[in-house]
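The values are calculated or read from the model by the stated rules, or taken from the named source; none is laboratory data. Computed from a prediction, not measured in an experiment: that's the story for all the values here. Reconstructed Cβ throughout: ideal geometry from the backbone, glycine too, with neighbour counts over all protein chains shown. Ligands, DNA and RNA are stripped out before the accessible areas are found, and what is left, the full protein with its side chains, is counted by its heavy atoms. Shrake-Rupley method; radii C 1.70, N 1.55, O 1.52, S 1.80 Å.
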Amino acid sequence: QVQLVESGGGLVQAGDSLRLSCAASGRAFNTYDMGWFRQAPGKGRDFVAAISRYGSSTYAESAKGRFTISRDNVKNTVYLQMNSLKPEDTAVYYCATRTTYRSNDYTSFGSWGQGTQVTVSS
């Protein structure tokens, strides 16, 4: 059992930055891949970024060049630095774990946090 708690969301203007954090409980954090997903009202849960247990990262096309995922295996925390935010980034952002690589689809991830709201005004 892994408990994930996201934080750092808020209401910002277009062009601003936010840094999301996801704090994980448990002793096996360093064995998990970690991912960030987002879900806008009326839409599905979309992949944003993932980072492997070794530190390699991958991004959705919409996030490349603007977002950076990182992790601290000592603090059991994964981060998502979001720069140059756009109104279309507005969504609930979720953190999740992956024990074995399958894909970057949300169905490949197991434990999920409660989400943190990001709202970007124009």
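Does Arg102 satisfy the criteria of being in contact with a strand residue (DSSP E or B) (Cβ under 8 Å, 6 or more places away or on another chain) and open to solvent by 60 Å² or more (accessible area, probe 1.4 Å)? Even if it seems obvious, please write down each step before you answer.
Values: in contact with a strand residue (DSSP E or B) (Cβ under 8 Å, 6 or more places away or on another chain): no; open to solvent by 60 Å² or more (accessible area, probe 1.4 Å): yes.
Considered against the rule, which asks whether it is in contact with a strand residue (DSSP E or B) (Cβ under 8 Å, 6 or more places away or on another chain) and open to solvent by 60 Å² or more (accessible area, probe 1.4 Å), Arg102 comes out as no.
Take Ser122 and tell me if it is small (Gly, Ala, Ser), open to solvent by 40 Å² or more (accessible area, probe 1.4 Å) and at pLDDT 95 or above.
The answer is no for Ser122.
Can you tell me which residue in the range 61-93 is surrounded by the most Cβ atoms within 10 Å (Cβ to Cβ), limited to those that are among the acidic types (Asp, Glu) and under 18 Å from Ser7 (Cα atoms)?
So the residue we want is Asp89.
How many residues are open to solvent by 30 Å² or more (accessible area, probe 1.4 Å), over 13 Å from Met82 (Cα atoms) and part of a strand (DSSP E or B) if we restrict to the range 35-50?
Summing the residues that are open to solvent by 30 Å² or more (accessible area, probe 1.4 Å), over 13 Å from Met82 (Cα atoms) and part of a strand (DSSP E or B) in the range 35-50 gives 4.
Check whether at least one residue in the range 21-34 is more than 18 Å from Asp105 (Cβ to Cβ), open to solvent by less than 20 Å² (accessible area, probe 1.4 Å) and aliphatic (A, V, I, L, M), and report yes or no. If you could, list the steps in order and put the result at the bottom.
Going residue by residue through the range 21-34, those that are more than 18 Å from Asp105 (Cβ to Cβ) are 21-31.
Within this subset, residues satisfying the condition of being open to solvent by less than 20 Å² (accessible area, probe 1.4 Å) are 22, 24, 29.
Those left that are additionally aliphatic (A, V, I, L, M): 24.
Yes, the range 21-34 contains a residue that is more than 18 Å from Asp105 (Cβ to Cβ), open to solvent by less than 20 Å² (accessible area, probe 1.4 Å) and aliphatic (A, V, I, L, M).
Just need a number here: residues in the range 63-93 that are in contact with a helix residue (DSSP H, G or I) (Cβ under 8 Å, 6 or more places away or on another chain) and assigned to a loop (DSSP other than H, G, I, E, B). Spell out how you get there, then give the answer.
Within the range 63-93, the subset in contact with a helix residue (DSSP H, G or I) (Cβ under 8 Å, 6 or more places away or on another chain) is 73, 76, 82.
Checking the rest, the ones that are also assigned to a loop (DSSP other than H, G, I, E, B) come to 73, 76.
Adding up the residues that qualify gives 2.
Go through (1) open to solvent by 60 Å² or more (accessible area, probe 1.4 Å); (2) closer than 23 Å to Ser122 by Cβ; (3) without any contact (Cβ under 8 Å) to a residue 60 or more places away in the chain one by one and return the number of the condition Arg53 breaks.
It is condition (2) that Arg53 fails.
Report, by residue number, each residue of the range 1-11 that is touching a strand residue (DSSP E or B) at 6+ places or on another chain (Cβ under 6 Å) and more than 17 Å from Ala50 (Cβ to Cβ).
Listed by number, the residues that qualify are Val5, Ser7, Gly8, Gly9, Leu11.
So which residues in the range 106-122 are part of a loop (DSSP other than H, G, I, E, B) and under 13 Å from the mean Cα position of the chain (by Cα)? Let's see the steps before the verdict.
So the first thing to find is which residues in the range 106-122 are part of a loop (DSSP other than H, G, I, E, B), and the list is 109-111, 113-115, 122.
Those that are part of a loop (DSSP other than H, G, I, E, B) and under 13 Å from the mean Cα position of the chain (by Cα): Phe109, Ser111, Gly113, Gln114, Gly115.
Modelled with pLDDT under 95 and not aromatic (Phe, Trp, Tyr): does that describe Asn73?
Details: modelled with pLDDT under 95: yes; not aromatic (Phe, Trp, Tyr): yes.
Answer is yes for this residue.
It is to be established whether one or more residues within the range 106-121 are in contact with an Asp or Glu (Cβ under 9 Å, 6 or more places away or on another chain), among the small types (Gly, Ala, Ser) and touching a residue at least 12 places away in the same chain (Cβ under 8 Å).
There is at least one residue in the range 106-121 that is in contact with an Asp or Glu (Cβ under 9 Å, 6 or more places away or on another chain), among the small types (Gly, Ala, Ser) and touching a residue at least 12 places away in the same chain (Cβ under 8 Å).
Of the residues that sit in the range 75-91 and are more than 23 Å from Gly26 (Cα to Cα) and without any contact (Cβ under 8 Å) to a residue 60 or more places away in the chain, which one is farthest from the chain's Cα centre (by Cα)?
Taking the range 75-91 and keeping what is more than 23 Å from Gly26 (Cα to Cα), we get 81-91.
Cutting the leftovers down to without any contact (Cβ under 8 Å) to a residue 60 or more places away in the chain gives us 88-91.
Values: Glu88: 16, Asp89: 12, Thr90: 13, Ala91: 11 Å.
Only one residue tops the list, namely Glu88.
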